[in-house]
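Since the structure comes first, as structure tokens, the remarks are kept for the end.
The values are calculated or read from the model by the stated rules, or taken from the named source; none is laboratory data. In this text, all values refer to a predicted model and were calculated from it rather than measured experimentally. In this analysis, Cβ positions are derived from the backbone assuming ideal geometry, glycine residues included, and neighbour counts consider all displayed protein chains. Accessible surface is based on the protein model in full, side chains and every heavy atom, while ligands, DNA and RNA are left aside. Shrake-Rupley method; radii C 1.70, N 1.55, O 1.52, S 1.80 Å.
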Amino acid sequence: MKGKKLLLLGSLLVFVTACNPQTAGGGKNTDKSFAMIGTWTPSGLVNHYDSNTYCDVLSYFVVEGLYRYVRSTDEIYCQLAEGMPVHTEADINEYKDVIGQDAVDYYTSQGHYKVEVTTIKINPLAKWHNGDKFVAKDVWAYYYTMHPTSSNYMAAVKVVDNETIQFIWNPLKQVEDNVKNLLIAQDTNGTVKYDEFATYVDPIFDIVMASPVNENPNLWGAFNRFSTDEQILELNRAKNAFFEYSPSWYIGTGPFKFDTFSATQLLLTKNEDYWAADKVGFEKVKIYSSSDLNQTYNLLTNGYIHYLDGFIQQDTLNSMLQTNPDLVNLKMYDPGSFGLTFNLESSYFQDEKVREAFQYIFDRDEIKNAGNPYGKTSYYPLMGMAESEASLYMSEENFAKMPKFSHDEEKASELLMEAGWTKNEAGNWCVNGQEVEVNLGAPSTQGIASTSAEATAAQLNAFGIKTNLLISSNFYGNATAENSQYDLMLEWTDLNMSFSYPTGSYLQFRDIYSQWIHVPEYPDNYADKQKAGQIKLVFNGLDGDTNTYEFADYINTFYSLPQEQLTYLVDVFNLGLADMNLGVQFFQNVTSSTLNTGMIKGVPLEEYWSVNQNVEYVPEAGTEDFYTVAKTNLVYARNNVFITGMYQPNTGE
């Protein structure tokens, strides 16, 4: 990263491991700072968000979009936009200059003479960190350069004037207005300053518009155009040059700017030109790096960081709360489940009957209580999404058909013996005369997973399956590796990291959990571009439907499907995944925010945490508390609590 000072933290991290009990009461935030843990590329950051370097917390403080949605509640709030989107319909020829005459000719040949248009006004007070106005051309530059998921449903983006941007939607792939809002709200579309990147953006735009119009309704691509082989090479060259370019300042618009960078700490300072600067009370943000949970907990307990998202084990949490009376823990529902996934490359788990047997081995309540006593026990297999989402998106009739499993070791033994497993005199399970020995992997950086893994390993060993528990900071790389050392993995099995729609969970399965499971994939150079690089999963139709439904053919279509067809496909996918027994759900998660009220003023539910720092109340979906508490989790709501003034530094004034 250019022009950034280095700040070293070695002595600090040694110091904070000492116990430092604190007393509650009064404001302690003397420097008006907010501090938390983050992760980033330690060797340095290229000075823009869309580079090939990474920092997870930049979207909380430094970069923004037109809007942001709050995960789990789907509430949308303005960042760079002045107001909510306006949706209209227009004659397609009004937009032929931006859609392209070739595309207009194709759409009208298919009987589409109208297009749906979304108009958004830019906040006239929005500025880049160098003081330049944020304008509509910057939004245009983001979409034609980055090609986010939303662009697969668009025909074009039009700059009307400096403060007005329009999205013209593909008439062959229509989506509901609320889905349009959410698609745009998940895009960090304030990260490509046109004037700074024009050298790279313009050639990319020219390649896109010169690319042939896609006339295959089963294929999905940005702005419904597919580049030829030569165009793809040109596009990749232009994009790589864009990724590698590092401006003299970090490109952002958010309430805080970069000040200091090192491998162990980032320091951000308040953006005085921010459109809502009068509501932002914090003067600086300190981001520390920590890959060790105990170190992280020490930083939080001793007041060096003021916030941590994620569940903390009960004994650890109670000790932290007792040591620092300013800490409070708020809980919220999480659309994801923890459990086991099977590595299909392991010889033990290539037999579906063995995978079914494992569904019966476990006392899931015991594992849930070890991992997260506030979670909700699940008796389902991996099914592509958590129980709460499956019950919402599936038909009532087919959700009732989802297989459920009890703790039944006799049934598990029966199925294992049918699969050819035997027990020796020592009571251990054997295959072909050799004792079964499995490696169970879990991440050391995920407390729920590692603690649940300990309980799971104990149950497997007690059942007669020798289990080596491998808890590692390298879990994620190890799990996806070819010839992985893990036979079983314990972490998330189903999780929606996007807005509330089935696609979020399926994409998480495709991009992460299927990689751990080692589901077969089409090669990247597969002739059918719709399937290239996608996982190979084919599901049977239901209730007499003799058709088959391939995951790769439908995963990109969900946002544009009518409700009845969407529900049916979710039924097909979920029941199909469940029948494969690719994993075991143990429990749906409840996550939390742990906050230092001596440093932060405005923490909600004071009527609860003033009585008990460990707030056991979990607000029900749809209640006012549900929406408010979700905003305390920065993974869910990003900068909302800062730019609305909900959080202020607790200075004692």
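Where strands (runs of 3 or more DSSP E) sit wholly within the range 239-337, those with at least 2 residues that are open to solvent by 10 Å² or more (accessible area, probe 1.4 Å) and closer than 24 Å to GLY652 by Cβ occupy 265-270, 284-289.
Remark: pairs (first residue in the range 362-374, charged (D, E, K, R); second residue open to solvent by 50 Å² or more (accessible area, probe 1.4 Å) and modelled with pLDDT of 95 or more; Cβ separation under 7 Å; 6+ apart in sequence or on different chains) = ASP363/HIS407; ARG364/TYR379; ARG364/HIS407.
Considering every residue within the range 259-268, establish whether at least one is aromatic (Phe, Trp, Tyr) and touching a Phe, Trp or Tyr at 6+ places or on another chain (Cβ under 6 Å). Outline the logic, then answer.
The first filter runs over the range 259-268 and keeps only residues aromatic (Phe, Trp, Tyr), leaving 261.
Cutting the leftovers down to touching a Phe, Trp or Tyr at 6+ places or on another chain (Cβ under 6 Å) gives us none.
Looking through the range 259-268, none of the residues is aromatic (Phe, Trp, Tyr) and touching a Phe, Trp or Tyr at 6+ places or on another chain (Cβ under 6 Å).
Mind listing whichever residues of the range 360-385 are among the small types (Gly, Ala, Ser), in a helix (DSSP H, G or I) and surrounded by 24 or more Cβ atoms within 10 Å (Cβ to Cβ)? Let's see the steps before the verdict.
Restricting attention to the range 360-385, the residues satisfying the condition of being among the small types (Gly, Ala, Ser) are 370-371, 375, 378, 384.
Of the ones still in play, those that are also in a helix (DSSP H, G or I) are 370-371.
Correct list: GLY371 only.
Evaluating VAL618 against the criteria (1) farther than 21 Å from GLY371 by Cβ; (2) open to solvent by 10 Å² or more (accessible area, probe 1.4 Å) leaves one unmet condition, (1).
Residues that are within 30 Å of LEU58 (Cα to Cα), of a type in the set (A, V, I, L, M) and not in a loop (DSSP other than H, G, I, E, B): does the range 77-89 have at least one?
Looking only at the range 77-89, we keep the residues that are within 30 Å of LEU58 (Cα to Cα), and these are 77-86.
Now drop any that are not of a type in the set (A, V, I, L, M), which leaves 80-81, 84, 86.
So of that shortlist, the ones also not in a loop (DSSP other than H, G, I, E, B) come out as 81, 86.
Yes, there is a match, as at least one residue in the range 77-89 is within 30 Å of LEU58 (Cα to Cα), of a type in the set (A, V, I, L, M) and not in a loop (DSSP other than H, G, I, E, B).
Residues that are of a type in the set (S, T, N, Q), within 25 Å of ASN236 (Cα to Cα) and more than 18 Å from the chain's Cα centre (by Cα) were ranked within the range 146-188; the one that is most open to solvent (accessible area, probe 1.4 Å) is ASN152. Against the test of being out of contact with any strand residue (DSSP E or B) (no Cβ under 8 Å at 6 or more places or on another chain) and in contact (Cβ under 8 Å) with a residue 40 or more places away in the chain, the options LYS180, LYS173 yield a single qualifying residue, LYS173. Here ASP97 fulfils each of the conditions (1) closer than 14 Å to ILE643 by Cβ; (2) open to solvent by 30 Å² or more (accessible area, probe 1.4 Å) apart from (1).
In the range 202-225, what residues are touching a strand residue (DSSP E or B) at 6+ places or on another chain (Cβ under 8 Å) and surrounded by 15 or more Cβ atoms within 10 Å (Cβ to Cβ)? Working first, answer last.
Initially, the range 202-225 is screened for residues touching a strand residue (DSSP E or B) at 6+ places or on another chain (Cβ under 8 Å), giving 208-209, 211-214, 222-225.
Scanning the range 202-225 gives VAL208, MET209, SER211, VAL213, ASN214, ALA222, PHE223, ASN224, ARG225.
Using beta carbons and a limit of 6 Å, which pairs, at least six apart or on different chains, have the first residue in the range 448-476 and farther than 13 Å from GLU491 by Cα and the second one surrounded by fewer than 17 Cβ atoms within 10 Å (Cβ to Cβ) and at pLDDT 95 or above? Matching pairs, first to second residue: GLY464/GLY427; GLY464/ASN428; LYS466/GLU437; THR467/ASN461.
Quick one: in the range 513-548, which of the residues that are β-branched (Val, Ile, Thr) and free of Cβ contacts under 8 Å to residues at least 12 places away in the same chain is surrounded by the fewest Cβ atoms within 10 Å (Cβ to Cβ)? Even if it seems obvious, please write down each step before you answer.
First pass over the range 513-548, keeping only residues β-branched (Val, Ile, Thr): 517, 519, 535, 538, 546, 548.
With the extra rule that they be free of Cβ contacts under 8 Å to residues at least 12 places away in the same chain, the set shrinks to 546, 548.
Values: THR546: 6, THR548: 12.
Residue satisfying both the conditions and the ranking: THR546.
For beta carbons closer than 9 Å, sequence separation of 6+ or different chains, a first residue in the range 638-653 that is over 18 Å from LEU327 (Cβ atoms) and free of Cβ contacts under 8 Å to residues at least 60 places away in the same chain and a second that is surrounded by 22 or more Cβ atoms within 10 Å (Cβ to Cβ) and charged (D, E, K, R), the qualifying pairs are MET646/LYS631. Considering GLY65, GLY38, the condition of being more than 22 Å from GLY645 (Cβ to Cβ), open to solvent by less than 10 Å² (accessible area, probe 1.4 Å) and under 19 Å from the mean Cα position of the chain (by Cα) is satisfied by GLY38 alone. For the range 76-92, the set of residues classified as open to solvent by 30 Å² or more (accessible area, probe 1.4 Å) and either at pLDDT below 95 or in contact with a Lys or Arg (Cβ under 8 Å, 6 or more places away or on another chain) (or both) consists of ILE76, GLU82, HIS87, GLU89, ASP91, listed by residue number.
Residue pairs whose Cβ atoms lie under 6 Å apart, sitting 6 or more positions apart in sequence or on different chains, and linking a residue in the range 64-77 that is under 24 Å from ILE251 (Cα atoms) to a partner that is charged (D, E, K, R) and in a loop (DSSP other than H, G, I, E, B), are GLY65/ASP187; ARG68/ARG638.
When you scan the range 17-36, do you find a residue that is on the phi > 0 side of the Ramachandran plot and at pLDDT below 95, even just one? For the range 17-36, residues on the phi > 0 side of the Ramachandran plot and at pLDDT below 95: present. Here LEU235 meets each of (1) assigned to a helix (DSSP H, G or I); (2) of a type outside the set (S, T, N, Q); (3) in contact (Cβ under 8 Å) with a residue 40 or more places away in the chain with one exception, condition (3).
Out of the residues in the range 577-591 that are open to solvent by 10 Å² or more (accessible area, probe 1.4 Å) and touching a helix residue (DSSP H, G or I) at 6+ places or on another chain (Cβ under 8 Å), which is farthest from LEU317 (Cα to Cα)? Among those that are open to solvent by 10 Å² or more (accessible area, probe 1.4 Å) and touching a helix residue (DSSP H, G or I) at 6+ places or on another chain (Cβ under 8 Å), it is MET580. Taken over the range 592-606, the criterion of being open to solvent by 10 Å² or more (accessible area, probe 1.4 Å) and either free of Cβ contacts under 8 Å to residues at least 24 places away in the same chain or out of contact with any helix residue (DSSP H, G or I) (no Cβ under 9 Å at 6 or more places or on another chain) (or both) is satisfied by MET599, LYS601, GLU606.
Please state which one of ASN640, ASN612, ASN556 is polar (S, T, N, Q), more than 22 Å from THR296 (Cβ to Cβ) and modelled with pLDDT under 95.
Values: ASN640 fails: modelled with pLDDT under 95; ASN612 fails: modelled with pLDDT under 95.
Exactly one of ASN640, ASN612, ASN556 is polar (S, T, N, Q), more than 22 Å from THR296 (Cβ to Cβ) and modelled with pLDDT under 95, namely ASN556.
Mind telling me which of the residues ASN640, ASN574, ASN612 ends up being under 25 Å from TYR333 (Cα atoms) and buried (at least 23 other Cβ atoms within 10 Å of the Cβ)? Before the answer, list the steps.
Values: ASN640 fails: buried (at least 23 other Cβ atoms within 10 Å of the Cβ); ASN612 fails: buried (at least 23 other Cβ atoms within 10 Å of the Cβ).
From the options ASN640, ASN574, ASN612, the qualifying one is ASN574.
For beta carbons closer than 7 Å, sequence separation of 6+ or different chains, a first residue in the range 569-585 that is touching a residue at least 12 places away in the same chain (Cβ under 8 Å) and a second that is among the charged types (D, E, K, R), the qualifying pairs are LEU575/LYS401; ASN581/GLU352; ASN581/ARG355; ASN581/GLU356; GLN585/ASP494. For beta carbons closer than 9 Å, sequence separation of 6+ or different chains, a first residue in the range 270-288 that is farther than 20 Å from LEU308 by Cα and a second that is assigned to a loop (DSSP other than H, G, I, E, B) and among the acidic types (Asp, Glu), the qualifying pairs are LYS270/GLU283. Are any of the residues in the range 490-501 open to solvent by 70 Å² or more (accessible area, probe 1.4 Å), closer than 20 Å to GLY447 by Cα and within 21 Å of the chain's Cα centre (by Cα)? Yes, the range 490-501 has at least one match.
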